[in-house]
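For reference, the structure discussed in these notes is given below.
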Amino acid sequence: MIHADAYLRLRDELSGRGITLVAVSKTHPPDVVRELYELGHRVFGENRVQELLEKKAVLPDDIHWHLIGHLQTNKVKQAVGAVSMIEAVDSMKLLRMISNEAEKSRSQVDILLQLKIAREETKYGFDPRTIYQELSDADFRALGGIRYRGVMGMASFVDDMDQVRGEFRLLKHHFDTLREKLFHDHKDFDQISMGMSGDFRVAIEEGSTMVRIGSLIFGERLPHQ
Ligand SMILES: *Cc1c(COP(=O)(O)O)cnc(C)c1O
């Protein structure tokens, strides 16, 4: 059972501001995804390639799937053929592999650069202190299979909303700076994916263009089998 009322309110609130709602369906079975689909929703987020593929296989073709979790290099091939956007690209190696894979089918994949913005220790994401240097190699910005769409980040899991706000503000700052310094020729570099069920309003106040919402729509997550 989805929380249809909460979803419809959220949809109105976000579409009025031109913000993309990614419904995070991880751990929830396909029939639950279909319920939301039947309310007209088309953009879904999954954090594991395998789970995404299993749902994609049994659900309508016009769903846009976003991969929002860490992508392992051995899953790049499967991911590239299946998703509309890879939100959590966190290394140059991955950029190169995704591009190579996309070029095999003469296509381009929309990607977001995941940045580490949380003060707490996190595993994945580019270090904002080194990403400028790493990306200044023009080869990376010219990768034929990559369409750079913007940045993605996760705030710390803390109750202190001032800290969370500061982290989102930092992501917006890096988005602006990256666009100005490195991606001014990339017209599609226009997305800031930040904000989850517990902090999306703060994220929107700080400039989010894309929120990733799971539990508010689908309820508590089921444990992974
Ligand atoms: C699970 C997940 C979300 C959604 O979290 P909720 O708190 O359920 O809204 C958003 N982003 C990422 C990367 C996630 O893994």
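The values are calculated or read from the model by the stated rules, or taken from the named source; none is laboratory data. This structure is a prediction, so every number in the text was calculated from the model and none was measured. Positions of Cβ are backbone-derived with ideal geometry, glycine not excepted, and every protein chain shown enters the neighbour counts. The area values use the complete protein model at the heavy-atom level, side chains included, leaving out ligands, DNA and RNA. Shrake-Rupley method; radii C 1.70, N 1.55, O 1.52, S 1.80 Å.
Around residue 45, which amide H atoms from residues at least 5 apart in sequence, or from another chain, sit under 5 Å from its own amide H, with H modelled in the peptide plane?
23, 24, 25, 66
Per residue of region 26-35, what does 6.51 cos²θ - 1.76 cosθ + 1.60 with θ = phi - 60° give for ³J(HN,Hα)? Whole Hz please, x for Gly and Pro, Karplus curve as stated.
Those phi angles translate into 3, 6, 9, x, x, 5, 6, 4, 5, 4 Hz.
Taking amide H atoms as placed 1.01 Å from N in the peptide plane, list the residues 5 or more away in sequence, or in a different chain, whose amide H sits under 5 Å from that of residue 110.
Here 86, 147 satisfy the definition.
Please turn the phi angles of region 107-116 into ³J(HN,Hα) values with the Karplus equation 6.51 cos²θ - 1.76 cosθ + 1.60 (θ = phi - 60°), one per residue in order, whole Hz, x for glycine and proline.
10, 10, 10, 6, 10, 10, 8, 7, 10, 6
Of all accessible surface on region 94-205 at a 1.4 Å probe, what whole percent is carbon and sulfur?
46 percent
Can you work out ³J(HN,Hα) from phi for every residue in region 197-205, in order, using Karplus 6.51 cos²θ - 1.76 cosθ + 1.60 and θ = phi - 60°, giving whole Hz and x for Gly and Pro?
For region 197-205, the Karplus-derived couplings read 3, x, 9, 5, 5, 5, 4, 5, 4 Hz, x marking Gly and Pro.
For region 60-145, what does the relative contact order come out to in percent, with C-alpha contacts under 8 Å and a separation of six or more?
Over region 60-145, the number comes to 28 percent.
So which GluC sites (Glu not before Pro) in region 62-155 pass both tests, a DSSP loop state and at most 16 other Cβ atoms within 10 Å of the Cβ? Don't jump to the answer; show the numbers that get you there.
Numbers: sites: 87, 101, 103, 120, 121, 134; in loops: 120, 121.
Sparse-neighbourhood loop GluC sites (Glu not before Pro): 120, 121.
Accessible surface of residue 84 in the full protein assembly, 1.4 angstrom probe, to the nearest 10 Å²?
Number for this one is 40 Å².
Compute, for residue 172, the solvent-accessible surface of its heavy atoms (probe 1.4 Å) with the complete set of protein chains present, and express it in square angstrom to the nearest 10.
The accessible area comes out at roughly 60 Å².
Fully extended, how many nm does the chain gain between residue 50 and residue 17 (0.36 nm per residue separation, minus their Cα-Cα distance)? Please report the intermediate quantities before stating the final value.
Working: separation 33, 0.36 × 33 = 11.88 nm, distance 3.29 nm.
Between residue 50 and residue 17, full extension yields an extra 8.6 nm.
Residues of region 128-225: accessible area per residue at 1.4 Å, in Å²?
Ligands and nucleic acids excluded, the figure is 51 Å² per residue.
Report the full-extension gain for the segment residue 78 to residue 160: residue separation times 0.36 nm, less the Cα-Cα distance, to one decimal in nm.
25.7 nm
From the Cα gyration tensor of region 111-209, with a ≥ b ≥ c the square roots of its eigenvalues, which class applies: rounded if a/c is under 1.5, or else prolate if a/b is larger than b/c, or else oblate?
Judged from the Cα gyration tensor, region 111-209 comes out prolate (a/c at least 1.5, a/b above b/c).
Past 28 Å, Cα to Cα, is the threshold; run 55/187; 26/93; 55/104; 104/172; 77/123; 75/116 against it and keep the listed order.
Pairs exceeding 28 Å: 55/187; 104/172.
Net charge near residue 150, counting Lys/Arg +1 and Asp/Glu -1 over other residues with Cβ under 10 Å of its Cβ?
Numbers: positive: 149, 179; negative: 87, 110, 188, 190.
Net charge around residue 150: -2.
Express the carbon and sulfur contribution to the solvent-accessible surface of region 1-65 as a percent, rounded to the nearest whole number, probe 1.4 angstrom.
About 49 percent, which is the carbon plus sulfur part of the accessible surface.
Need the full-extension length gain, residue 124 to residue 177, defined as separation in residues times 0.36 nm minus the C-alpha distance. One decimal, nm. Intermediate values should be presented prior to the final figure.
On the way: separation 53, 0.36 × 53 = 19.08 nm, distance 2.08 nm.
In short, 17.0 nm is gained.
So what is the relative contact order of the chain, in percent, for Cα pairs below 8 Å that sit 6 or more residues apart?
About 22 percent, as a whole number.
In percent, how large is the relative contact order of region 113-165, given Cα pairs closer than 8 Å and 6 or more residues apart?
Over region 113-165, the number comes to 45 percent.
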